[in-house]
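Written below as structure tokens is the structure these notes are about.
The values are calculated or read from the model by the stated rules, or taken from the named source; none is laboratory data. Everything numeric here is computed off the predicted structure, so don't read it as measured data. Note: ideal-geometry Cβ built from the backbone for every residue, glycine included; neighbour counts use all protein chains shown. Accessible surface is based on the protein model in full, side chains and every heavy atom, while ligands, DNA and RNA are left aside. Shrake-Rupley method; radii C 1.70, N 1.55, O 1.52, S 1.80 Å.
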Amino acid sequence: MQERASVEFESNDQVSSLLGRLDENIQLIEENFGVKIQLDGLTLTIKGPQDKADQVKDLIDQLLQVLQKQKRLDKQDILYAMNLKKDGIESNLVDLYGETFVYTATGKSIRAKTLGQKRYLDAIQKNDVVFGVGPAGTGKTYLAMACAVKAFKEQKVSRIILTRPAVEAGESLGFLPGDLQMKVDPYLRPLYDALFDLMGHDTYQKYVEQGLIEVAPLAYMRGRTLDNAYIILDEAQNTTTQQMKMFLTRLGFGSKAIITGDITQIDLPAGKKSGLKTVLQILKDVRGVSSVYLTRYDIVRHPLVQRIIDAYDRFDSKEKAKKDEIKKEEEVDEQAKE
């Protein structure tokens with residue numbers, strides 16, 4: 001049964017901002033909710049099943065609140081709000097649109113784009129050790145770097161240290177050309193790229209030469225005490241339990257450590273436990289330590305990335321179900337033999 005819901009706009013500027021270029025935002029909402037949306041002057045009419053029409057009305061009302069605070073909407077804002085609404089997740093998106101957190105070297109503003117990212121940034125402000133865990137594209141590393149650069153610029157710390165475990169993912173370090181630094185540089189490249197974006201290449205180079213910024217493999221951290229520093233351990237799912245303990249015990253006075261990783265993408269050799277998975281259990285009740293779990297809703301890359309991750313999750317679930325079924329059958333056979 002077709003029902004109607006309507007939304008009243010305050011101005012033509014609101015209408016054009018919400019509809020998007022060539023009405024692309026409205027077309028996106030229509031495709032995802034199975035409704036028809038028509039505009040007559042400043043009145044938007046939504047036609048479709050009652051539950052869908054009401055969902056879309058709530059969605060548009062919330063986007064209008066965001067517009068009042070932010071003055072503009074980008075496609076990422078629309079996609080994020082739409083995905084939450086589709087899955088029945090209640091949220092107040094207006095909370096996201098506060099002051100800019102930090103600016104890049106080119107003047108681009110950096111802020112939380114999802115509620116998960118906001119929880120992550122809040123946790124970093126309040127705790128000295130924070131674990132940011134989630135799939136690719138959730139901004140966990142970039143936001144940690146932005147926090148480090150902000151603290152450095154405000155002279156809350158005197159240096160930034162960025163590190164990654166140099167774990168091979170399909171290729172062997174031994175077969176790569178060059179000396180040790182050349183071999184490990186590819187593993188550290190994402191960290192360099194983020195710093196260039198946030199600080200500019202020349203500024204970054206100046207601080208490296210002064211020893212105020214260091215980008216190095218995790219193995220270089222052994223035996224050091226890191227005072228008054230902002231330390232980020234990236235790709236932490238590829239640390240061993242011993243490496244994770246070594247890293248966390250480097251923390252000195254006035255320092256903060258952010259550990260990021262994706263526990264679904266572990267490249268450690270078979271039989272080796274991930275230090276990230278283990279430490280999340282060990283430190284879950286320790287004061288001053290916070291763990292923030294980002295999800296597919298927090299992905300801020302191309303929308304296809306979210307669909308790819310969802311497809312892998314479905315595949316993994318099916319494979320696990322098959323293995324569990326085979327295991328049950330084997331147990332039944334063993335019992336029958338007895």
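A few points about this structure:
- The residue among Asn127, Leu18, Asn228 whose Cα reaches farthest toward the positive pole of the charge dipole of the chain, with charges on the beta-carbon of Lys, Arg, Asp and Glu, is Asn228.
- Here's how it looks for Val102: its modeled amide H is under 5 Å from those of Ile110, which are all 5 or more places away or on a different chain.
- Only helices enter the 222 nm calculation for the chain: every DSSP H run of n ≥ 4 contributes -39,500 (n - 2.57), and dividing by all residues gives -15000 deg cm²/dmol, rounded to 500.
- 5 angstrom amide H check on Gly254, placed H, neighbours 5+ away: Asn228
- GNM flexibility winner over the chain from Gln243, Gln76, Gln68 (Cα, springs under 10 Å): Gln68
- A Cβ-based charge dipole, computed about the Cα centre of region 198-277 with Lys and Arg at +1 and Asp and Glu at -1, lands at about 440 debye.
- Between His201 and Lys36, residue separation times 0.36 nm minus the direct Cα-Cα distance comes to 54.5 nm.
- Taking 0.36 nm per residue of separation and subtracting the Cα-Cα distance, full extension of the segment from Ser158 to Tyr293 would add 45.7 nm.
- Accessible-area composition of the chain, carbon plus sulfur, in percent [1.4 Å probe]: 50 percent
- In order along region 107-116, phi translates into HN-Hα couplings of x, 6, 7, 10, 8, 5, 9, 9, 5, x Hz, rounded to whole numbers, per the Karplus curve 6.51 cos²θ - 1.76 cosθ + 1.60 with θ = phi - 60° and x for Gly and Pro.
- Neighbourhood charge, 13 Å Cβ-Cβ cut-off, centred on Gly252 and excluding it, Lys, Arg +1 and Asp, Glu -1: +2
- Rounded to whole numbers, the Karplus 3J(HN,Hα) couplings from phi for region 221-231 are 7, 4, x, 9, 10, 10, 8, 6, 10, 9, 10 Hz, using 6.51 cos²θ - 1.76 cosθ + 1.60 with θ = phi - 60°, and x at Gly and Pro.
- Largest to smallest in accessible area, the residues Val300, Val66 fall in the order Val300, Val66 (1.4 Å probe, all protein chains included).
- For region 321-331, the Karplus equation 6.51 cos²θ - 1.76 cosθ + 1.60, evaluated at θ = phi - 60°, returns couplings of 4, 5, 5, 5, 5, 5, 5, 5, 4, 5, 5 Hz by residue, with Gly and Pro reported as x.
- One chain, two ends: Leu283 and Lys320. Fully extended at 0.36 nm per residue, the span grows by 10.5 nm beyond their Cα-Cα distance.
- A Gaussian network model of the chain, with springs between Cα atoms under 10 Å, assigns the largest mean-square fluctuation among Asp202, Asp262, Asp227 to Asp202.
- Calculated P(r) over Cα pairs in 20 Å bins from 0, in percent (choose from (i) 33, 62, 5; (ii) 26, 48, 24, 2; (iii) 29, 49, 21, 1), label: (ii)
- Packing, taken as the mean count of other beta carbons within 10 Å per residue, orders the peptides 47-54, 325-332, 157-164, 35-42 from highest to lowest as 157-164, 47-54, 35-42, 325-332.
- Backbone N atoms of region 124-159 closer than 18 Å to the 7 Å Cα→Cβ label point of Arg189 belong to residues 137, 142.
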